[in-house]
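The values are calculated or read from the model by the stated rules, or taken from the named source; none is laboratory data. Given the structure is predicted, the values throughout are model-derived calculations rather than measurements. Cβ placement follows ideal geometry from the backbone for every residue including glycine, while neighbour counts extend to all protein chains displayed.
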Amino acid sequence: MISLCFRHSTPRTAVWMPSKMSISTLREQKTVLRKRIQSELKQLSPQEIQRQSAIITQKVLQSPVYKKATSLAIFLSMPGREVSTREIVLQALKDEKHVYVPYLHKGQDSKGKIMDMLKLHDRHDFESLVPDAWGIPSLSPDTVLQRSNALGGMGVPSEDMDDQGNFPTLDVIYMPAVAFDYSRQRLGHGKGFYDRYLHTYKTCLDAAQPGQKMPFLVGIALRQQILSPEEKVPVNDDDWPVDEVLTAHE
């Protein structure tokens, strides 16, 4: 068994932005790729997902990025569909790192939901999370006001972010995906939660600390979610690449 980790030292750069005439084609390409990868994931047994998750967990915990981080954000897993992050979360809490997890809510000016990263208090807090309709452990709305936001302040941001004195705090963000390619491009689930969150984070960061670097972005995925070297994720300017991808590979 070989652990596969691919990383590039080149900075994030803008990618090709399709014309209006090709946006529908881009969506179609993403939809086709999502269906293909999701079909492959359905063939995996729980034991295989657990096996790969254990390899990836060790890869994360042994990495210099994790060891140096004092504050991190990480997704909570969808059972049977992606890498289990449970042991990473538990170890990070044991290591006394500040751990932030996704909270989806309706934005003030948004027709759909948006994502914030809110802090877990401790192991008991994490173990008390109730699964949502997708089986993902989720924060209760009743606890939101008592949780630190990774953008600064408590709870979800107000309409005027400056009024909260936002001061982004994350060192690293561990990101899920349907698929990654060898250029570190990411295919999400199609809702745009992470792409919009990263844009918001950068806006807050530039306002609070001009010139400060964004958090290090790490994609973690099952090996079936990694495209062949010849295949590319279809992307546009709204799609953020990650800095590193961690997976397990035979």
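Side notes on the structure shown:
- Residue 159 vs. criteria of a type in the set (Asp, Glu), more than 15 Å from residue 73 (Cβ to Cβ), out of contact with any Pro (no Cβ under 9 Å at 6 or more places or on another chain) and modelled with pLDDT of 95 or more: no
- Residue check, residue 151 at pLDDT below 95, of a type outside the set (Phe, Trp, Tyr) and crowded, with 22+ Cβ neighbours inside 10 Å: yes
- Restricting segment 56-82 to residues that are under 15 Å from the mean Cα position of the chain (by Cα) and in a loop (DSSP other than H, G, I, E, B), the residue that is nearest to residue 215 (Cα to Cα) is 75.
- Criterion applied to 99, 130 was being aliphatic (A, V, I, L, M) and touching a residue at least 12 places away in the same chain (Cβ under 8 Å), and the one residue passing it is 99.
- Just so you know, in segment 12-52 the residues that are part of a helix (DSSP H, G or I) and basic (Lys, Arg) include one that is modelled with the lowest pLDDT, and it is 20.
- Here residue 153 passes the criteria (1) touching a Phe, Trp or Tyr at 6+ places or on another chain (Cβ under 8 Å); (2) under 30 Å from residue 212 (Cα atoms) except the one numbered (1).
- Pick from segment 68-88, criterion in contact with a Lys or Arg (Cβ under 9 Å, 6 or more places away or on another chain) and among the hydrophobic types (A, V, I, L, M, F, W, C), ranking: farthest from residue 180 (Cα to Cα): 69
- Selection from segment 35-61 of residues that are in contact with a Gly (Cβ under 7 Å, 6 or more places away or on another chain) and surrounded by fewer than 19 Cβ atoms within 10 Å (Cβ to Cβ): 46
- Qualifying residue in segment 111-127 (condition: part of a loop (DSSP other than H, G, I, E, B) and hydrophobic (A, V, I, L, M, F, W, C)): yes
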